[in-house]
Amino acid sequence: MLTFGVSGKLVRNNLVMYDHQTNSLWSQAYSQAIQGDLAGKSLSLLASRVMGWADWREQYPDGLVLNRGYRYGDPYSFYYRDTETGVRSPVNRDDRLGAKEFVLGLDLGEQVKAYPFRELSKTPVLNDVFAGRSVLTVLDTHGPGGTAFAYAYDRRVGERTLTFLRAPAPSAGAALPLTDEETRTVWDGRTGEAIEGSLKGKRLELLPATLSFWFSWVDLFPDTALYQGPGEAKESPSPLAPGAFTAPRDEEGGY
């Protein structure tokens, strides 16, 4: 088991960590060691979700909280409003979206795809197929202060692939009620759990995804697939071959 610290270095404006055991450098974005004895080794990517504090307390009343004594509030709130794009200028640019547009970046290992919030706002419950996976994305616009979050799930339950839509009526047990066309089970879009119907108790698999600015995502993954609306092709291949990954260096050849 390794333990990690912050190296103070960046790759594509993204955090580089080091491990205390070998001093190898690790890219947070690529989940991979990029220099040192463990170069080329990868960490397992765990799925997680971003949520408001009130929602966390309601869903996990006995959950643990890491508090390092920081003040409440977001110290980067100004950064969302200005035009700056990181400490260094991006190497890979893509004008299909504005640099500071938010995307939900889905990472399925060898293939990645970005779902722009502008498109998710049009289709808050989106059934997609990507990299051989049946994907569900859900936009949650009920965060604190109107903050929007987004989640990605695998919409297969056992041997069955489900098709989701917003529930026609509120549900007492779901903060973000959805239903599937196949069984009419009611699901909570925030947790992926079935709360009413024949599939009650089942839970959708949460997929590894991150909220990101477009400039940052496309700089890290220049070959990313991009969801561009309901008229796009059902399958959007974007091979990355992570085993052949070579970490980008800065202008002076360092990290």
Next on the checklist: Can you list residues from other chains, or at least 5 along the same chain, whose modelled amide H is less than 5 Å from the amide H of V11?
Outcome noted: V16
Checklist entry - Most fluctuating residue of S89, S216, S77 in a GNM of the chain with Cα springs under 10 Å: which is it? => result S77
Item to check | Residue with peak Gaussian network fluctuation, the chain [Cα springs, cutoff 10 Å], from Y115, Y151, Y76 | outcome: Y76
Checklist entry - In the Gaussian network model of the chain, springs joining C-alpha atoms below 10 Å, which of D74, D188, D223 carries the largest mean-square fluctuation? => result D74
Checklist entry - So how many Å³ per residue does the convex hull of the Cα atoms of region 117-158 work out to? => result 70 Å³
Checklist entry - Cα convex hull of region 4-44: mean projected area in nm², to one decimal? => result 2.5 nm²
Next on the checklist: If you restrict to DSSP beta bridges whose two residues both lie in the chain, what percentage is antiparallel, to the nearest 5?
Outcome noted: 95 percent
Item to check | Radius of gyration and maximum dimension Dmax of region 18-137, Cα, Å | outcome: 18.1, 47
Next on the checklist: As a test of the definition: which semi-axes, in Å, follow for region 67-155 when you take the square root of five times each eigenvalue of its alpha carbon gyration tensor? Largest first, please.
Outcome noted: 25, 19, 14
Checklist outcome for this item: The ratio Rg/Rh over the Cα atoms of the chain, Rh being the Kirkwood inverse mean 1/r radius, stands at 0.97
Checklist entry - Quick one: Cα centre-to-centre distance for region 1-79 and region 136-159, in angstrom? => result 22 Å
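Here, each number is a calculation from the coordinates, and none is a lab measurement. Everything numeric in this text was worked out from a predicted model, so none of it was measured.
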